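Peer 1: Dumping the structure here so I can ask a few things about it.
None of the figures in this text is laboratory data; all of them are computed from the coordinates on show. Owing to the predicted nature of the structure, the values given are computational and were not obtained by experimental measurement.
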Amino acid sequence: MADPSAGKPQSGKQRPAPGLVDLLQIGAVCGISIGIGLFVGYLVDHAAGTPPLFTFIGLAVGIVGAATGSYRVIRPFVSGASDRAPMPPEQKQKD
C-alpha cells in the first residue's frame, strides 16, 4: 500500500499555495518584461537601421527579466525564503 504522507513536507507545516493575485502577478511580470524588451529592441533597431538584431536581443533580455521576476514571486511558495511579511501565527482558541 502507498504511504499517504509520501510527497508531503516532513516538517508538519504545509507550504502556502499561491493565490489568484500571485498567479496574476506572475503573468503580468512575464508579459510586461517581454513586451518592454521587444519594444525597446524594436526602437533601437528602427533608430539604428539594423532589424531585427536588437529586437531579438530585447526579447532575450525580456525573457531573462520575466524568469527573474517570476522566480521572485514564486520563491516564497517553494522554499523557506520569503520577501514578504511573515504570516501571523494561527491563534489557538482557549477552551
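Peer 1: Multiply the residue gap between Phe56 and Leu20 by 0.36 nm, knock off their C-alpha separation, and tell me the result in nm, one decimal place.
Peer 2: Values: separation 36, 0.36 × 36 = 12.96 nm, distance 3.16 nm.
Residue separation times 0.36 nm, minus the Cα-Cα distance, leaves 9.8 nm.
Peer 1: To continue, here is another question. Suppose a student asked you for the relative contact order of the stretch 27-78, using Cα pairs under 8 Å spaced at least 6 residues apart; what percent would you report?
Peer 2: Working: 59 pairs, mean separation 22.5, N = 52.
For the stretch 27-78, the relative contact order is 43 percent.
Peer 1: Provide the per-residue ³J(HN,Hα) series for the stretch 16-21, in order, calculated from phi with Karplus coefficients 6.51, -1.76, 1.60 and θ = phi - 60°, each as a whole number of Hz, with x at glycine and proline positions.
Peer 2: x, 8, x, x, 4, 5
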